[in-house]
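Participant: A single structure is presented below for examination.
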Amino acid sequence: MTQSLSLLNKVRSAIRVRHYSIRTEQSYVGWIKRYIRFYNLAHPSTLSEQHVAKFLSDLAVRKNVAAATQNQALNALVFLYKVVLDKPLREIPGIVRSRKPQRLPVVLSQDEIRKVFSHLNGIHWLVGGLLYGSGLRLMEAVRLRVKDVEFERLAIVVRQGKGGKDRVVTLPEELVEPLQAHLKWVEVTHKKDIDDGYGRVYLPYSLERKYPEAAGEWGWQYVFPSNKRSTDPRTEITRRHHIDESTMQKAVKRAIRASNIHKPASCHSLRHSFATHLLERGMDIRTVQEQLGHKDLRTTQIYTHVLERGGLAVRSPLGDTLRFR
């Protein structure tokens with residue numbers, strides 16, 4: 001057990017030296033723990049590629065995990081062996097791969113969107129407005145900084161989106177006044193934090209080194225800060241982080257239930273609905289691709305399948321059949 005704890009501490013150190021996100025750290029450490037327990041606390045240095053293959057195959061066969069989850073576990077073990085143990089994995093034989101299901105996105109109708117928003121309030125209504133009105137991913141919305149909301153241009157600059165890419169998306173006019181009113185309250189909170197000796201926000205390592213004073217500036221603050229300060233588990237620095245995404249996920253789930261909608265919808269369904277409704281209005285698919293930040297046009301084209309399966313695409317024979325009864 002002592003050996004395992006020492007190894008996990010080395011993993012954490014290696015991740016932090018490379019300035020990976022805390023989510024990556026938690027994910028990698030979690031998978032490495034599961035791998036060690038799978039082999040009854042055997043040290044990974046005594047295990048081979050065959051052991052890795054057996055563990056990953058068990059995830060697919062017995063645990064029935066998604067393909068993305070299995071790949072996440074593989075990435076953690078590749079990091080462990082290459083960076084921490086200095087024993088890079090060679091070809092891993094005979095992995096049973098999880099299948100990536102071909103599912104259509106869950107899309108809400110405009111009427112359903114109205115019902116959901118009628119049950120959202122405050123910050124949850126604003127974040128929901130960015131998911132549906134701008135096509136942001138949930139984490140892109142909660143990590144949004146004040147400086148990246150450009151009211152005059154009706155634009156939002158998304159920094160370090162999925163794949164590390166920046167992009168510019170539309171800011172709906174309907175959100176301008178509510179967001180400006182919200183930011184006035186956020187600025188009051190920020191000034192109080194400064195008066196209390198705090199007021200500095202988290203910045204990625206490279207930015208904090210390049211702009212040492214930026215963390216305390218208004219423009220770098222989160223648009224949706226947490227209600228309370230918290231201590232960073234890595235640096236032990238107390239500051240105000242952004243809201244936890246789980247609070248938004250729970251609020252949307254409650255709103256969907258209250259709206260009596262029986263689809264397996266979530267926060268991401270608001271983004272799916274944004275794309276589908278733009279295409280329904282005749283928006284060019286490449287423009288939608290840019291708004292969503294998709295690298296491959298084929299990813300965006302999944303929404304055309306949703307359109308093709310709508311009521312206007314195929315005329316059912318039922319009406320003609322019943323007419324002659």
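The values are calculated or read from the model by the stated rules, or taken from the named source; none is laboratory data. Nothing here was measured: the structure is a model prediction, and the numbers come from that model. Neighbour counts are summed over all protein chains in view; Cβ atoms, including those assigned to glycine, are modelled from backbone coordinates with ideal geometry.
Participant: Just to be sure before I move on: is ASN71 at pLDDT below 95, of a type outside the set (D, E, K, R) and at positive phi in the structure I sent?
Facilitator: In short, no.
Participant: Then there is this: With the structure loaded, tell me whether ASP148 is touching a strand residue (DSSP E or B) at 6+ places or on another chain (Cβ under 7 Å) and not polar (S, T, N, Q) or whether it fails that test.
Facilitator: yes
Here's the yes/no breakdown for (1) among the acidic types (Asp, Glu); (2) closer than 23 Å to VAL169 by Cα:
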site	(1), (2)
VAL84	no, no
VAL96	no, no
ARG99	no, no
LEU108	no, yes
ASP111	yes, no
LYS115	no, no
SER118	no, no
ASN121	no, no
LEU130	no, yes
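Participant: Pull up the range 213-229, narrow it to residues that are in a loop (DSSP other than H, G, I, E, B) and either of a type outside the set (Asp, Glu) or touching a helix residue (DSSP H, G or I) at 6+ places or on another chain (Cβ under 8 Å) (or both), then point me to the one that is surrounded by the fewest Cβ atoms within 10 Å (Cβ to Cβ).
Facilitator: LYS228
Participant: Kindly provide the set of residues from the range 1-57 that are within 30 Å of TYR202 (Cβ to Cβ), loosely packed, with under 13 Cβ neighbours inside 10 Å and more than 24 Å from the chain's Cα centre (by Cα), ordered by number.
Facilitator: LEU5, SER6, ASN9, SER13, listed by residue number.
Participant: Let me ask you something else. Given the structure, is MET283 modelled with pLDDT of 95 or more and surrounded by 12 or more Cβ atoms within 10 Å (Cβ to Cβ)?
Facilitator: Answer is no for this residue.
Participant: Looking only at the range 85-132, how many residues end up being aliphatic (A, V, I, L, M), under 24 Å from the mean Cα position of the chain (by Cα), crowded, with 17+ Cβ neighbours inside 10 Å and in a loop (DSSP other than H, G, I, E, B)?
Facilitator: Matching residues across the range 85-132 total 3.
Results for (1) outside any helix (DSSP H, G or I); (2) aromatic (Phe, Trp, Tyr), shown as yes or no for each residue.
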residue: LYS192; (1), (2): no, no
residue: SER206; (1), (2): no, no
residue: LEU270; (1), (2): no, no
residue: GLN289; (1), (2): no, no
residue: LYS295; (1), (2): yes, no
residue: ARG298; (1), (2): no, no
residue: TYR303; (1), (2): no, yes
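Participant: Can you run down the residue pairs with Cβ atoms below 7 Å, 6 or more apart or on separate chains, where the first is in the range 284-301 and in the same structural domain as LEU136 (by TED's automatic domain parsing) and the partner is of a type in the set (D, E, K, R) and modelled with pLDDT under 90?
Facilitator: That search, which allows pairs on different chains as well, returns GLY293/LYS162; GLY293/LYS165.
Participant: Also: Is at least one residue of the range 145-156 more than 18 Å from the chain's Cα centre (by Cα), assigned to a loop (DSSP other than H, G, I, E, B), closer than 14 Å to ALA255 by Cα and not polar (S, T, N, Q)?
Facilitator: Checked the range 145-156: no residue is more than 18 Å from the chain's Cα centre (by Cα), assigned to a loop (DSSP other than H, G, I, E, B), closer than 14 Å to ALA255 by Cα and not polar (S, T, N, Q).
Participant: Same structure again: Taking the range 260-280 as the search range and keeping residues that are among the polar types (S, T, N, Q) and surrounded by 14 or more Cβ atoms within 10 Å (Cβ to Cβ), which one is nearest to ARG103 (Cα to Cα)?
Facilitator: This residue is SER269.
Participant: Contact list please: Cβ distance under 6 Å, first residue in the range 261-278 and within 17 Å of SER246 (Cα to Cα), second residue among the hydroxyl-bearing types (Ser, Thr, Tyr) and modelled with pLDDT of 95 or more, pairs at least six apart or on different chains.
Facilitator: Between residues of the range 261-278 that are within 17 Å of SER246 (Cα to Cα) and residues that are among the hydroxyl-bearing types (Ser, Thr, Tyr) and modelled with pLDDT of 95 or more, the close pairs are LEU270/TYR132.
To keep it simple, each residue is scored yes or no on (1) touching a residue at least 12 places away in the same chain (Cβ under 8 Å); (2) surrounded by fewer than 17 Cβ atoms within 10 Å (Cβ to Cβ).
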{"position": "GLU173", "(1), (2)": "yes, yes"}
{"position": "GLU177", "(1), (2)": "no, yes"}
{"position": "GLY199", "(1), (2)": "yes, no"}
{"position": "TYR202", "(1), (2)": "yes, no"}
{"position": "THR231", "(1), (2)": "no, yes"}
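Participant: Also, quick follow-up: Quick one: which of LYS210, LYS192 is farther than 26 Å from ILE15 by Cβ and either surrounded by 12 or more Cβ atoms within 10 Å (Cβ to Cβ) or not hydroxyl-bearing (Ser, Thr, Tyr) (or both)?
Facilitator: Going through LYS210, LYS192 in turn, just one is farther than 26 Å from ILE15 by Cβ and either surrounded by 12 or more Cβ atoms within 10 Å (Cβ to Cβ) or not hydroxyl-bearing (Ser, Thr, Tyr) (or both): LYS192.
Participant: Now, a different point. Taking VAL52 as meeting all but one of (1) farther than 24 Å from ARG97 by Cα; (2) modelled with pLDDT of 90 or more, write down the number of the exception.
Facilitator: It fails just one condition, (1).
Participant: Still on this model: Restricting the range 58-70 to residues that are of a type outside the set (A, V, I, L, M) and over 19 Å from the mean Cα position of the chain (by Cα), which is nearest to LYS82 (Cα to Cα)?
Facilitator: Top of the filtered list is ASP58.
Participant: So, one more: Run down ALA42, ALA60, ALA53, ALA14 and say which single residue is outside the structural domain of HIS241 (by TED's automatic domain parsing), closer than 27 Å to HIS242 by Cβ and of a type in the set (A, V, I, L, M).
Facilitator: ALA14
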